[in-house]
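Visitor: First the structure, then my questions, so here it is.
The values are calculated or read from the model by the stated rules, or taken from the named source; none is laboratory data. Note that this is a predicted model, so its numbers are computed, not measured. Here the Cβ positions follow ideal geometry from the backbone for every residue, glycine too, while neighbour counts run over all protein chains shown.
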Amino acid sequence: MKVFAHMTSSQQVDVFHRLVRKIDPTFELLKTWPLAGGVSAEITGIEVRRPDGQVTKLLVRRHGEVDRAQNPNIARDEFKLLRIAQAHGLAAPKAYYVNESCDLFSTPVLVIEYVEGNTEFVSADLGRYLGQMAAELVRIHGVHDSPELSFLPRQDKGFGERPETLDISLSEDRIREALESAWPLDRVNAPVLLHGDYWPGNILWHEGKLAAVIDWEDARVGDPLADLASCRLELLWAFGEDAMNMFTTAYQSLTAIDVSNLPYWDLCAALRPCGNLASWGLDAETEQRMRLRHTSFVDKAVEALVDHS
């Protein structure tokens, strides 16, 4: 149920006026507008005027039921994480305000910076695009585990227990057999901040430059190769094998992270669509292309993992 389902338009405006006063009593609300937030959050854009006359755009996020069920403190945790990301110079939106009291809305609310930009799945300069993506991921992984990240979940082995029914069409049986045989894995990298869902759909671009990395609700602490592997598969699906390899090479050139366990984390990433791909609402041609590329990705990772062991 939408938060505003039983509010009149005047009541909605009043709620946002009160929210703006909580953010900063000197702000004046100018306008609001709804934004598409996918299934993870309900998002409203707001425009405020500062005392000096400057107009600023903000985003009001209210996390959905699934995210709140997984982490009841998700609004507060994302607020803390964005503050940490900003302090470390990462390309993350600035966090302005968080309210868990539900005195304004029926769910907790997080207010963050509105970043001008768009997601891009086509690039005239793919090398530059991938290079910027790799450089930002290296910067994220430059935030090492410390007490300030203690509120984030710790990454586990990367794969759960076998479901009763395996998705044979995506080689889930082969993937799990390889992962189970390789576990426990020797830890070769110190734990770092992971974005948890680093892919082109969570990156905003403005005038050819990476403007922001968004949607940090899956962040955790763990092996940086988990992020790298997940992004590799997404880039393979979006742009093809050459782009995936360019991104990987660019990432490796900027860091001393040990990639010897990358085949293992590639297979963990390959598990994500198992049992789910058919429900992603893809057209037949796109789904078939993704399945073929997934098969190639799994084949190479299994072979590399066996050779490595």
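Visitor: In segment 181-226, what residues are over 28 Å from E161 (Cβ atoms), of a type in the set (V, I, T) and touching a Pro at 6+ places or on another chain (Cβ under 7 Å)?
Guide: I214
Visitor: How many residues, within segment 63-94, are surrounded by fewer than 20 Cβ atoms within 10 Å (Cβ to Cβ), modelled with pLDDT of 95 or more and either of a type in the set (K, R) or closer than 23 Å to V20 by Cβ (or both)?
Guide: Residues meeting the conditions: 5.
Matching residues to (1) modelled with pLDDT of 95 or more; (2) in a loop (DSSP other than H, G, I, E, B); (3) more than 25 Å from the chain's Cα centre (by Cα); (4) surrounded by fewer than 19 Cβ atoms within 10 Å (Cβ to Cβ):
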| site | (1), (2), (3), (4) |
| --- | --- |
| E136 | yes, no, no, no |
| R139 | yes, no, no, yes |
| L152 | yes, yes, no, no |
| D156 | no, yes, no, yes |
| G160 | no, yes, no, yes |
| L166 | yes, yes, yes, yes |
| S169 | yes, no, yes, yes |
| I175 | yes, no, no, no |
| A178 | yes, no, yes, no |
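Visitor: Would you point out the residue of segment 180-202, among those that are under 15 Å from A91 (Cα atoms) and among the hydrophobic types (A, V, I, L, M, F, W, C), that is nearest to the chain's Cα centre (by Cα)?
Guide: W199
Visitor: Within segment 124-134, take every residue that is of a type in the set (A, V, I, L, M, F, W, C) and surrounded by fewer than 19 Cβ atoms within 10 Å (Cβ to Cβ) and give me the one that is modelled with the lowest pLDDT.
Guide: A124
Visitor: Looking at segment 205-233 only, could you name the residues that are within 17 Å of M290 (Cβ to Cβ) and either without any contact (Cβ under 8 Å) to a residue 24 or more places away in the chain or within 12 Å of the chain's Cα centre (by Cα) (or both)?
Guide: The answer is S230, C231.
Visitor: Something else: Please find, among A178, A124, the residue that is small (G, A, S) and touching a residue at least 24 places away in the same chain (Cβ under 8 Å). Full working, then the answer.
Guide: Working: A124 fails: touching a residue at least 24 places away in the same chain (Cβ under 8 Å).
Answer to the selection: A178.
Visitor: Does A256 satisfy the condition of being surrounded by fewer than 20 Cβ atoms within 10 Å (Cβ to Cβ), closer than 24 Å to A92 by Cα and without any contact (Cβ under 8 Å) to a residue 40 or more places away in the chain?
Guide: Spelling it out, A256 is indeed surrounded by fewer than 20 Cβ atoms within 10 Å (Cβ to Cβ), closer than 24 Å to A92 by Cα and without any contact (Cβ under 8 Å) to a residue 40 or more places away in the chain.
Visitor: A follow-up question, please. Restricting attention to segment 161-188, which residues are β-branched (V, I, T) and within 20 Å of D299 (Cβ to Cβ)?
Guide: I168, I175
Visitor: Would you be able to tell me the number of residues in segment 8-23 that are surrounded by 13 or more Cβ atoms within 10 Å (Cβ to Cβ) and without any contact (Cβ under 8 Å) to a residue 24 or more places away in the chain?
Guide: Of the residues in that region, 5 qualify.
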